[in-house]
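These notes concern the structure reproduced below.
The values are calculated or read from the model by the stated rules, or taken from the named source; none is laboratory data. All figures in this text were calculated on a predicted structure; none of them were measured in a lab. When we count neighbours, we look across all protein chains shown, and the Cβ atoms used for this are built from the backbone with ideal geometry, even at glycine.
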Amino acid sequence: MRRIISMLLENEPGALSRVVGLFSQRGYNIETLTVAPTTDATLSRLTLTTTGSDRVIEQITKQLNKLIEVVKLVDLTEGAHIERELLLVKLKATGAQRAEIKRTADIFRGQIVDVNSAIYTVQLTGASDKLDAFLESVGETSILEVVRTGVSGMARGDKVLAL
Amino acid sequence: MELLSGAEMLIRSLKDEGVETIFGYPGGAVLHIYDALFQQNDIAHVLVRHEQAASHMADAYSRVTGRPGVCLATSGPGATNTVTGIATAYMDSIPMIVITGQVQSDWIGDDAFQETDILGVTRPIVKHSFMIKRPEDIPETIKKAFYIATTGRPGPVLIDIPKDMTAPTESYEYQYPAKVKMRSYSVVSRGHSGQIKKAVELLIAAKRPVIYAGGGVVQGNGAELLTSVVRELGAPCTNTLMGLGGYPGTDKQNVGMLGMHGTYEANMVMHHADVVLAVGARFDDRVTNNVKKFCSDAKIIHIDIDPASISKNIAVDIPIVGAVDLVLKEMLEQIKKTELVADTEGQAAWWKQIDAWRAFHGLRFDLNDSELLKPQQVIESLYKATQGDAIICTDVGQHQMFAAQYYKFDKPRQWITSGGLGTMGFGLPAAMGCLIGKPDMQVVTVTGEGSIQMCIQELSTCLQYGLPVKIICLNNQALGMVKQWQDMVYQGRHSSSTYEESLPDFVKLAEAYGHVGMRVDKASDLDAAMEECFSLKDRLVFMDVSVDPQEHVYPMQIKEGSMRDMWLNKTERT
Ligand SMILES: Cc1ncc(C[n+]2csc(CCOP(=O)(O)OP(=O)(O)O)c2C)c(N)n1
Ligand SMILES: [Mg+2]
């Protein structure tokens, strides 16, 4: 099953490499990974998505918790949560395609953030499957370049991941 | 407050941590540290002949004393030479402090002379590691390193120190921190009382209980409590390779080691048990055989300090996360207080069955008709000569398994072996580390002619520091364990497992290093030679014993089988 694991990490050199190293050492896979500082300069927030059986996920969270630099960790998929990813995609947009792409972007509530006579660059946020669906709708042939940030997320309601 | 240089702060911090000895080897990046060592008398330094040996010595020092050993190496090749030792300690959860020099900080990343990213190299084999960025951080980092290495599930911690951090030209106010604070590292200690209660209920009601005790009992100082729990329950106890000595080896409730080369009775007991209490053990593949067929009739209770060990290989019914000693203490109290009554009839039948298994096999081996010694005989003779009281270190191979099977360990920290990594070359430096930690003990290394050659250079260190290690080399003229697998799995094709007349004369070699060499070729000479070896109290003796090259280690579990599927000798299986 796909999981979103989010953690507070000591903002120290080497901390990230320990997290990433753990996945390769133990043969777990990382599908997406995002990391950035928080309002507390000593902490980073790292969110990753991974897949595995319940047994593997349990091991992943236990092993991550053992890393000295991991301060706090939560598996967001265990409860109600908000998941967002940002996509930028550069699309071939000439002739009839121009209107079509604009329409599709509107349906997905995307924004065209850069334009020239042959190209639209679309920005879209949402859960990963929404981004997948958008890319599928515009079709592979018009896609020139794609960049995705990877998943970020938070629990819904009162729950906070903070010190 | 005192003003000290970085190097002086390092040495002082180690002293304030209680360190008496450092095992190491100098080089450019640690010269400031060596100069500071030279100018003090609190900490002794043992100069090894290869940094691998320094790391094994520090590791064995920890294993035998319970206090973390410290090793020191220079940057680049010095640091990389410690890698095998770090991995060895990591796999067996041994607390150890590794200090490596690094090129000066403004050269890092420039491919400077003797620069290696040792933090990167060792990341998967340390519990944690640090790089010193400011000299004033040295005391606190040392404090943290010892704390992390010794608490929770112990392990090696590496501290990489760029040369400029230890420069004698700058001084800093020195104060050793009294406490460490780390928001991201907390250690569980007591187990959950409710879980312990459930475990006790299960154990008391069991018809066929067994206690399976691992290295965590030894390292976690739980041996005495374990013994009380086992006696109180009246159940059989089996030890893992790492756990030997955690329960008295000569006790009648002990059924011996379990696993790949475990005793017939231990593996049978495990397979037929209805309740298994695993204590400080991790269901290693060398223990369980095929996990799908492991103890299929048993409810499993697992006590371990590391939550990640629980249900990693085998799903358990009652997990108890906590320090082995504290959990066992509470368990013992609950067992004593309980009003539940044990199934005495069931247990009597269980013991009858166990005795029958014991009588059937009980580590039998055939003697040769000739004077050619069996390796098992040598271990039995060693046991007699040392009254079962010596610290036994080993290398890796058949000799290691024979020592595990035939020497009976009554006390914890008496058996020092590389279990998880299986590191050939560990034996001699390990024995040296033990002698430095416990200078009044008899320390033996049981080795093979293959393994001993992996750290043989340390014979020179032994002379320099007067370390009277007794080396018992079971010389079967082959990489015996490899050859055994080739016999059993590859139709006897001995690919690169023999040496074709190229072995050195170990007697002369020992003598060349200034020690005593002895050779034993005949069964009738064995006991007398063994006596003589141990009568030479202050000398290192290298005893080269020719043993039957055809001998295999049995029992041996059959791959993909259950615990009870074993070869009992070359032709007979369960
Ligand atoms: C450093 C290292 N290299 C290779 C091995 C694989 N290995 C395991 S046992 C063994 C043979 C050991 O030979 P010896 O020391 O003579 O012991 P014996 O089995 O003959 O008693 C080998 C090569 C190992 N465990 N460690
Ligand atoms: Mg050999």
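See the values below:
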read-out	value
Residue identified as modelled with pLDDT under 95 and within 23 Å of the chain's Cα centre (by Cα) among B:ASP297, B:ASP325, B:ASP304, B:ASP285	B:ASP285
Where a residue in region A:6-18 is more than 13 Å from B:LEU119 (Cα to Cα) and at pLDDT below 95 and its partner, wherever it lies, is of a type in the set (A, V, I, L, M, F, W, C) and surrounded by fewer than 16 Cβ atoms within 10 Å (Cβ to Cβ), with Cβ under 7 Å and at least six apart	A:ASN11/A:ALA41
Region B:114-139 residues that are farther than 22 Å from B:ALA7 by Cα and more than 9 Å from chain A (Cβ to nearest Cβ), paired with ones that are crowded, with 19+ Cβ neighbours inside 10 Å and of a type in the set (A, V, I, L, M, F, W, C) (beta carbon under 6 Å, 6 or more apart)	B:THR122/B:ILE86; B:THR122/B:LEU158; B:ILE125/B:ILE86; B:ILE125/B:ALA87; B:VAL126/B:LEU158
Residue match in region A:110-119 (condition: of a type in the set (Ser, Thr, Tyr), in a strand (DSSP E or B) and away from chain B (no Cβ under 14 Å))	no
Residue within region B:399-418 that is among the hydroxyl-bearing types (Ser, Thr, Tyr) and within 22 Å of B:LEU509 (Cβ to Cβ) present	no
Flag for B:ALA298 being in contact with a Phe, Trp or Tyr (Cβ under 9 Å, 6 or more places away or on another chain) and either away from every other protein chain (no Cβ under 14 Å) or under 29 Å from B:TYR407 (Cα atoms) (or both)	no
Total residues in region B:420-444, condition under 24 Å from B:GLY280 (Cβ atoms) and in contact with a Leu (Cβ under 8 Å, 6 or more places away or on another chain)	1
Qualifying residue in region B:452-465 (condition: under 27 Å from B:TYR61 (Cβ atoms), among the charged types (D, E, K, R), more than 14 Å from chain A (Cβ to nearest Cβ) and within 12 Å of ligand 1 (Cβ to nearest atom))	no
Residue tally, condition free of Cβ contacts under 8 Å to residues at least 60 places away in the same chain and farther than 30 Å from B:PRO319 by Cβ, over region B:173-189	3
Only one of B:ILE86, B:ILE99, B:ILE94 that is more than 14 Å from chain A (Cβ to nearest Cβ), assigned to a loop (DSSP other than H, G, I, E, B) and on the phi < 0 side of the Ramachandran plot	B:ILE94
Those strands (runs of 3 or more DSSP E) lying entirely in region A:1-103 with at least 2 residues at negative phi and acidic (Asp, Glu)	A:81-92
Residue check for B:MET481: surrounded by fewer than 22 Cβ atoms within 10 Å (Cβ to Cβ) and either away from ligand 2 (no atom under 13 Å from the Cβ) or farther than 20 Å from B:ASP538 by Cβ (or both)	no
Candidate set from region B:181-194 (those that are away from chain A (no Cβ under 14 Å) and under 30 Å from the mean Cα position of the chain (by Cα)); member that is nearest to B:PRO154 (Cα to Cα)	B:SER189
Search result, residues across region A:139-163 that are in contact with a helix residue (DSSP H, G or I) (Cβ under 8 Å, 6 or more places away or on another chain), surrounded by 14 or more Cβ atoms within 10 Å (Cβ to Cβ) and modelled with pLDDT of 95 or more	A:ARG148, A:VAL151, A:GLY153, A:MET154, A:ALA155
Residue that is nearest to the chain's Cα centre (by Cα) [pool: residues in region A:123-163 that are free of Cβ contacts under 8 Å to residues at least 40 places away in the same chain and assigned to a strand (DSSP E or B)]	A:LEU124
Which numbered condition B:SER309 misses (of (1) away from chain A (no Cβ under 14 Å); (2) under 23 Å from the mean Cα position of the chain (by Cα))	(1)
Every residue from region B:199-229 that is among the hydrophobic types (A, V, I, L, M, F, W, C) and touching a Pro at 6+ places or on another chain (Cβ under 8 Å)	B:LEU203, B:VAL210, B:ILE211, B:VAL217, B:VAL218, B:ALA223
Residue list for region A:21-53, filter: more than 21 Å from the chain's Cα centre (by Cα), within 14 Å of another protein chain (Cβ to nearest Cβ) and of a type outside the set (Val, Ile, Thr)	A:GLN25, A:ARG26, A:ASP40
